[in-house]
1. Once you have the Cα-Cα distance between C:E54 and C:S103, take 0.36 nm times their residue separation minus that, and quote the gain in nm to one decimal.
2. How many nm separate the modelled label positions at C:A255 and B:D87, each set 7 Å beyond the Cα in the direction of the Cβ?
3. Working with all protein chains in place, sort B:R179, A:R212, C:R105 by solvent-accessible area computed with a 1.4 Å probe, largest first.
4. Set the bar at 29 Å for Cα to Cα. Now go through C:K80/C:K160; B:K18/B:K260; B:K18/B:K155; A:K80/B:K170 and name every pair that lies beyond it.
5. What is the set of long-range amide H partners of B:V144 at a cut-off below 5 Å, with H atoms built 1.01 Å from backbone N?
6. I need the inter-copy label distances for C:S58: point set 7 Å along Cα to C-beta, values in nm with one decimal, smallest first.
7. Ordered shortest first, which distances in nm separate the 7 Å Cα→C-beta label point of B:K9 from those of the other copies?
8. I'd like the Karplus ³J(HN,Hα) series for segment B:44-53: coefficients 6.51, -1.76, 1.60, θ = phi - 60°, whole numbers in Hz, and an x wherever there's a Gly or Pro.
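The values are calculated or read from the model by the stated rules, or taken from the named source; none is laboratory data. Just so we're clear, the structure is a prediction, and the values are computed from it rather than from any experiment. Cβ coordinates were reconstructed from backbone atoms using ideal geometry, including for glycine residues, and neighbour counts include every protein chain displayed. Just the protein is used for accessible areas: all its heavy atoms, side chains included, with ligands, DNA and RNA removed. Shrake-Rupley method; radii C 1.70, N 1.55, O 1.52, S 1.80 Å.
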Amino acid sequence: MNWNAHGAKILDMIRNSKPLVHHITNLVVMNDTANVTLHLGALPVMAHAVEEMEEMTSIASALVINIGTLSKHWIEAMFKAGKTANDKGIPIILDPVGAGATSYRTETCHRLLEELSVSVIRGNLGEVSILAGLGGEVKGVESVSAGGDAVDVAKALAAKQNCTVSITGKEDVISDGTRTVLVDNGHEWLTTLTGTGCSSTTAVAAFSAVERIPVTAAACALMCYGLAAEIAAPQAKGPASFKVAFYDALYNLNAEQIEKGGRVREVS
Amino acid sequence: MNWNAHGAKILDMIRNSKPLVHHITNLVVMNDTANVTLHLGALPVMAHAVEEMEEMTSIASALVINIGTLSKHWIEAMFKAGKTANDKGIPIILDPVGAGATSYRTETCHRLLEELSVSVIRGNLGEVSILAGLGGEVKGVESVSAGGDAVDVAKALAAKQNCTVSITGKEDVISDGTRTVLVDNGHEWLTTLTGTGCSSTTAVAAFSAVERIPVTAAACALMCYGLAAEIAAPQAKGPASFKVAFYDALYNLNAEQIEKGGRVREVS
Amino acid sequence: MNWNAHGAKILDMIRNSKPLVHHITNLVVMNDTANVTLHLGALPVMAHAVEEMEEMTSIASALVINIGTLSKHWIEAMFKAGKTANDKGIPIILDPVGAGATSYRTETCHRLLEELSVSVIRGNLGEVSILAGLGGEVKGVESVSAGGDAVDVAKALAAKQNCTVSITGKEDVISDGTRTVLVDNGHEWLTTLTGTGCSSTTAVAAFSAVERIPVTAAACALMCYGLAAEIAAPQAKGPASFKVAFYDALYNLNAEQIEKGGRVREVS
């Protein structure tokens, strides 16, 4: 598969069709993820009232469920939106922010994964390892340790939940349990900013809105996302100037850059 | 009327008197709208607890009600704050974010407009068209279609609700049903960022805090807001560098720039 | 005491040990304060669900309680987290945003201070004056007047609550009732942005996570924070370009800059 050409094609489809991405996400990253959605060419909507979940999710092309700042009523909305998404065949992208840090987060993820059919889980190594039952440690929202390397951990959770799992890190891993893909794009500056993991989840959602093979959607999304970071890096004098350049680069990302810079390989 | 001179004068009044603008607004734009309030010279406060609505609104000079991320208790606060504002003669600026996308949003707006006396409604064409009963489509928070052109739609809702309505778009329309004013300032970069509509509502509120003729306040606010975007545009390499330049330009906006760049005309 | 050398040492300790700072903070500044935490080298987590307070606070090295956008369930979480912090010896940093503007805010602060043992209160002059029982006026979240000068007011509240109090302003004052320290770092640009007070509270928390003498932690934090603002100022063309340069400067702040630029003096 020509990942670079395909990634450029999906990005084009997003820009042409402007799919709506419904986010139930955390309070820290809402502004950032709304902007990332727009910069990729999709339309964001943030909504969490149970009263409007069915209608709002119904008109969306992808649903992000991000548990970064959980509370009771928001969980209720996640289930309501998730069931609507499942009924309508709308892909759900789950970001298990801080799973493992508290049992409230871990158990909420387990319940979501039990009751909903999730398309892609996008997390860090610790979070995914814990959800896979392999142990690990998460300090707040930061991965500290895990029960295996990223490929094994992603495969384990993918097999357990029968979905696609992507673990972002120095190298991103995407696996549906059978196929496993590595994305070597990205830049260290991403680790100096809050919400860059959550925003990568948003990218996966935007790509999933127009590309229905989850592994393909996630790999192409993370390739484009990481590539924009690389393009921005030379302009960074620190995290904030990096962020400005990164968002600009996401918006300006074109087929030529992707053709030249994408580094994706399928390993199984 | 010399709109440019008057706009510069209102901006000056804001900077001198630093009116407090109480926002009950959505979770996506809070940081942005607080900054826009400050950059224009006013003071922002975000508060949504029913317990403090009466006191907080009482000390404000304008109240923004923005329904972008609704939930039950926040609606309760909107009514409480709104009634206080009406009792004290404090102008209410309503931003019907996503009206039409879900019945929860549409009905909440209808109830707010029924029970409160609103000074200015600031929305996009689809949202305003739906509230005017003219039909239309809103995809998340994006206007897709409407039941008429912006002038007719603004006039219709203004007449129906007996208030001033402003629809922002390529050209902004402000009407109280009798007088109709067009503002030709603005820039396409504004459409690449989340919350620029909400922030224009904030500008209308800051101007309404010191100028009590709603059409005048809204037209001058949107002229200054759009002009800052034009001034910033040449520095933009993408949405994020545009945003930095735009906020800087709002803060630095002066009478000379407004005199030279404002493009407002009264059409009826 | 060599404040500059000590400040540089604490900053180094933060960067090496990456302490977790648990924030229960307002909706306006969450993204900013998470980034400031990261840029200083610590790890942020924002969490407010009562269900996870005990576990989340337990793994943190400092707890920020910021009342900027209060509501009932969040107050419940503040007490739960605060009691956990007290039980575990984790320092609590309280930001009484808008105390005095409404009785809901004032009374919540009084209750928090009564039931919890707080390490440092960081506020503006009006807020602290009101909590000290000296009167004053707060317009939204802005200090308008106070019942004394900053040194007297800080000392009064410190004595009353038996904790350390820091008042930020043109010159920052830190006092535990006995020792009083002034920090002359900072820049006017900070006043043009929302949340820079809240972010200074976050800095105090990050420093408190590794330095257990509250006066020392707060003074060194405010010195570093203010110094980064000074370093950034020459690059500012307005508030937004200042913010980018300021965050970059916080991240890049080094011992040499602190040695050269810190201006702290103990006055009693």
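1. Numbers: separation 49, 0.36 × 49 = 17.64 nm, distance 2.81 nm.
Between C:E54 and C:S103, full extension yields an extra 14.8 nm.
2. Going by the 7 Å Cα→Cβ label model, 6.1 nm.
3. On the way: B:R179 60, A:R212 135, C:R105 0 Å².
The ordering from most to least exposed comes out as A:R212, B:R179, C:R105.
4. Numbers: C:K80/C:K160 23 Å; B:K18/B:K260 25 Å; B:K18/B:K155 32 Å; A:K80/B:K170 37 Å.
With Cα atoms farther than 29 Å apart: B:K18/B:K155; A:K80/B:K170.
5. B:G126, B:E137, B:V138, B:K139
6. C:S58 label point versus its equivalents elsewhere: 4.4, 4.4 nm.
7. Inter-copy label distances (nm, one decimal, shortest first): 6.2, 6.2.
8. So the Karplus estimates, Gly and Pro as x, are x, 9, 9, 7, 9, 7, 3, 4, 10, 4 Hz.
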